[in-house]
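Here's the structure we're looking at; comments come further down.
The values are calculated or read from the model by the stated rules, or taken from the named source; none is laboratory data. Predicted, not measured: the structure shown is a model, and the values here were computed from it. As a convention, Cβ positions derive from the backbone with ideal geometry for all residues, glycine included, and neighbour counts pool all protein chains shown. Accessible surface areas use protein heavy atoms only, side chains included; no ligands, DNA or RNA. Shrake-Rupley method; radii C 1.70, N 1.55, O 1.52, S 1.80 Å.
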Amino acid sequence: MVNLHHSRKITADHALLEDGWHDRVSVMIDVHGDIVEVSSGPAACMSGADWHCRYLLPAMCNVHSHAFQRALAGRTETPRPSGDDNFWGWREHMYQLANTLQPEDIESISRLAFMEMLEAGFCAVGEFHYLHHQPNGHSYQHPAELAERVMAAAADSGIGLCMLPVLYAQADADGSAPLAQQQRFSNSLDRYLTLWQQAEQCLRKQLPGDSSIGIAPHSLRAVSKSQLLALLQHIGPRNMPIHMHVAEQTAELASVRQHLGLAPVQWLLEHAEVDQRWCMIHATHAESAELQALASAACSVGLCPQTEANLGDGLFAVQDWLQLAGHTAIGSDSNINISIAEELRLLEYTQRLLAQRRQVLLPLASAATTTDPPRSQGEQLYRMAVAGGARALQRRSGVIASGYHADLLHLDSRHDALDNLDQNTLLDGWIFASGRAMPRDVWSAGRHCVVNGQHVQRQQIQAQYRNTMNAIARR
Ligand code: ZN
């Protein structure tokens, strides 16, 4: 376990607070990594800081990740001989990898993915974890072995973890048994609950206090209606994140319609008491009446623009959703390219291509986040996703204020893309004009994980990952 430095006082020339930019800002942090005091202007005491920043922002929560899929990045872009170059064909690549990995591989790959998330500016991650068993479906001696490997990787990297153990139980909405390649993911509800409890115990014992756990019924394709309803009844009113893939693929929609009689979102709305705990992942093909009901239910939508584009999923009706003031969060999902800027840029650019105009999401995103007059597309998108991410993971994050975790990001003011930009255009420089080398320092609940542009353990984590990938290639 890495001993990460905990900052106790951070100062900034300029910081993005809840009501906008402030100058001369001092942030005091307690031993648990919570902000206890923020002062700005002439009253702020700037001496005695652990770290001084030029531009300080709240860091962002990444609401949807399958960390092990980082090992697939760049490896699935050659045409498949079978011709099924779509989500379902990609899934065969994923199964092939998933069934090769040993527990130590999963830990090593997850550690690299979490390190890259921190370097990208994410302070926390919702890990949608579905690899549970040995490839033949038998439990490990310790049933939560693989969840614990992911948790160990999170602890080593310093990222704030919201663990989302996945219930996966069938091959399709018709109730067919899991395929041979899905044995590793599959659980009965009882087996899942045992695993979940062990994972929770481990999390409480071994991870920092800002870690949390929720539930993740995989999708209406992979969980039966009776299992889903029994799981929801089991957790009752406990306030924990409930994340689920919904309406990502048209084939999934057709199957759910055929076997459950309704489209996935509509079915959930009618049967599952959707509320603010829920985060619908993708919701790509949700229709406008469904979006309206989701917004009324105060749930979140977790969009993963790069993965959705890479897999050819389709386009979520983000303009309609923002018009409804829907809560919007961002996830890196398959981790093909872990970058806040790329996710937000793609979200806006796809809408520009559709609408044949510019600044499409600016007024909509600003309405969802602030009463300020909209100033900059980059800033409004960023603020929207920071607020939405914190909400979807139920993390005290997204605001630089007393009572929140010190989830902070220092933007690299020496980067060429920020030359001659001021506070009003700074985030446009990052989101629209730079790659991912922009976050200079990143703190997760006070843990100073990224220092001067690099994770504090980058060399070791990268070397371990290379060894892992070489070992996998030799198998
Ligand atoms: Zn996913």
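Just so you know, in region 287-342 the residues that are open to solvent by 50 Å² or more (accessible area, probe 1.4 Å) and among the aliphatic types (A, V, I, L, M) include one that is nearest to the ligand (Cβ to nearest atom), and it is ILE336.
Within region 100-113, residues that are at pLDDT 95 or above sit with their Cβ atoms under 8 Å from residues that are of a type in the set (A, V, I, L, M, F, W, C) and not in a helix (DSSP H, G or I), at 6+ positions apart or across chains, in these pairs: LEU101/LEU131; ILE106/LEU131; ILE109/LEU101; ALA113/ILE338. Checked against the criteria, SER376 counts as free of Cβ contacts under 8 Å to residues at least 60 places away in the same chain, closer than 26 Å to SER40 by Cα, touching a helix residue (DSSP H, G or I) at 6+ places or on another chain (Cβ under 9 Å) and open to solvent by less than 10 Å² (accessible area, probe 1.4 Å).
Here ARG257, ARG238 are screened, and the one residue that is more than 16 Å from the ligand (Cβ to nearest atom) and either within 20 Å of ILE213 (Cβ to Cβ) or not assigned by TED's automatic domain parsing to the domain that holds MET163 (or both) is ARG238. Within region 157-168, does at least one residue satisfy the condition of being among the hydroxyl-bearing types (Ser, Thr, Tyr), free of Cβ contacts under 8 Å to residues at least 40 places away in the same chain and touching a helix residue (DSSP H, G or I) at 6+ places or on another chain (Cβ under 8 Å)? No, region 157-168 contains no residue that is among the hydroxyl-bearing types (Ser, Thr, Tyr), free of Cβ contacts under 8 Å to residues at least 40 places away in the same chain and touching a helix residue (DSSP H, G or I) at 6+ places or on another chain (Cβ under 8 Å). Is region 350-362 home to any residue that is open to solvent by less than 40 Å² (accessible area, probe 1.4 Å), at pLDDT 95 or above and within 16 Å of the ligand (Cβ to nearest atom)? Scanning region 350-362 turns up no residue that is open to solvent by less than 40 Å² (accessible area, probe 1.4 Å), at pLDDT 95 or above and within 16 Å of the ligand (Cβ to nearest atom). From the residues in region 426-447 that are at pLDDT below 90 and not small (Gly, Ala, Ser), which one is surrounded by the most Cβ atoms within 10 Å (Cβ to Cβ)? Here the residue is MET438. Among the residues of region 397-418, some residue qualifies, meaning at least one is outside any loop (DSSP other than H, G, I, E, B) and open to solvent by 40 Å² or more (accessible area, probe 1.4 Å).
For region 1-49, a residue qualifies if it is open to solvent by 10 Å² or more (accessible area, probe 1.4 Å) and hydroxyl-bearing (Ser, Thr, Tyr), and the qualifying residues are SER39, SER40, SER47.
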